1. For residues that are polar (S, T, N, Q) and more than 18 Å from residue 72 (Cβ to Cβ), scanning just segment 4-50, find the one that is modelled with the lowest pLDDT.
2. Here is a check on your reading of the model: is residue 122 in a strand (DSSP E or B) and under 21 Å from residue 168 (Cβ atoms)?
3. What is the number of the single condition among (1) in contact with an Asp or Glu (Cβ under 9 Å, 6 or more places away or on another chain); (2) not in a loop (DSSP other than H, G, I, E, B) that residue 87 does not meet?
4. Output the qualifying pairs, or none if there are none: Cβ atoms under 8 angstrom, residues six or more apart or on different chains, first residue in segment 43-57 and over 10 Å from residue 28 (Cα atoms) and open to solvent by less than 90 Å² (accessible area, probe 1.4 Å), second residue among the aromatic types (Phe, Trp, Tyr) and part of a loop (DSSP other than H, G, I, E, B).
5. Can you tell me which residue in segment 129-149 is nearest to residue 234 (Cα to Cα), limited to those that are of a type in the set (Ser, Thr, Tyr) and out of contact with any strand residue (DSSP E or B) (no Cβ under 7 Å at 6 or more places or on another chain)?
6. Tell me which helices (runs of 4 or more DSSP H) are completely within segment 140-252 and hold 2 or more residues being free of Cβ contacts under 8 Å to residues at least 60 places away in the same chain and not hydroxyl-bearing (Ser, Thr, Tyr), or say none if there are none.
7. Whether any residue in segment 153-176 is open to solvent by 40 Å² or more (accessible area, probe 1.4 Å), on the phi > 0 side of the Ramachandran plot and modelled with pLDDT of 95 or more is what I want to check.
8. Report, by residue number, each residue of segment 113-128 that is open to solvent by 40 Å² or more (accessible area, probe 1.4 Å), within 21 Å of residue 234 (Cβ to Cβ) and free of Cβ contacts under 8 Å to residues at least 60 places away in the same chain.
Amino acid sequence: MTNQPADSNAGDVAIVTGAAGGIGAAVVQTLLAQGYVVLAVDLHPLVVPPHPQLQWLQVDVTDDTAPVSIITAAIALGAPSVLVQAAGVVQVAHPFEVDRAHWERVMNINAQASWFIATEFLRQCVTARRLVFVASTAGKTATTVMHPIYNISKAAVIAMTKTLAMTVADRAVTVNCVCPGVIDTDMQMHITAALAARGADATEVWQQRIARVPMQRVGLASEVAQMVGFLVSDAASYTTGQAVHVCGGMVM
């Protein structure tokens, strides 16, 4: 899968939330290579290399003022045409152990914040043409019961993808999501460490996760980012409302 020519998106602004690491940081690099001016949004400092077309905005996406702050900053940079929502969090617990604080933290970051930033983007940006959420195979298959609210939140992301795709289809705006599987990110390491802290063997947990992948390897954040790059490109202009697996065949 190839990127668009770097000059084809000259002047267009792409917003990426959760941009400080993992899949979000890889998406930033992919969109910069495609020629976008990128507004990278995260609560944490960026770890991606500096770039003349990269701007950073430190924002807590769960803050009530975040949607307006993000879109205002993007409009100040040019013509916002792309929004990629990669901000997310996972928390390990057995379903019967989940309390309200757990539920609210995960749902607020993964689902609620995504909804309100997306709708602000679609309402305010007349130049909007592509919206991509980062969901998960966990939203389709409950890959483990040990991060139950994460599973629920990602199912919500898939549902909002379909709803918003229907809402703006007559504007030729596409809305899709990617569903990564086992990807080599800090989030995967956090899950493994959290399960190990509960008495599981970390090596065995990791081996079991890889064993569920037909390609028998972990995926790379860059491989997810390349799919995002395709979904925001002109080549995907007739693709909307889709939840695309990037998981080495774990879900088919």
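1. The qualifying residue modelled with the lowest pLDDT is 4.
2. When the stated conditions are applied, residue 122 does not pass them.
3. It fails just one condition, (2).
4. Cβ pairs passing all conditions: 53/36.
5. Here the residue is 141.
6. Because the criterion is at least 2 residues that are free of Cβ contacts under 8 Å to residues at least 60 places away in the same chain and not hydroxyl-bearing (Ser, Thr, Tyr), the helices (runs of 4 or more DSSP H) in segment 140-252 that meet it are 148-168, 186-197, 202-211.
7. yes
8. Of everything in segment 113-128, just one residue is open to solvent by 40 Å² or more (accessible area, probe 1.4 Å), within 21 Å of residue 234 (Cβ to Cβ) and free of Cβ contacts under 8 Å to residues at least 60 places away in the same chain, namely 126.
The values are calculated or read from the model by the stated rules, or taken from the named source; none is laboratory data. Given the structure is predicted, the values throughout are model-derived calculations rather than measurements. With ideal geometry, Cβ positions are generated from the backbone for all residues, glycine too; neighbour counts draw on all protein chains shown. Side chains are part of the model used for accessible areas, which takes the heavy atoms of the whole protein and leaves out ligands, DNA and RNA. Shrake-Rupley method; radii C 1.70, N 1.55, O 1.52, S 1.80 Å.
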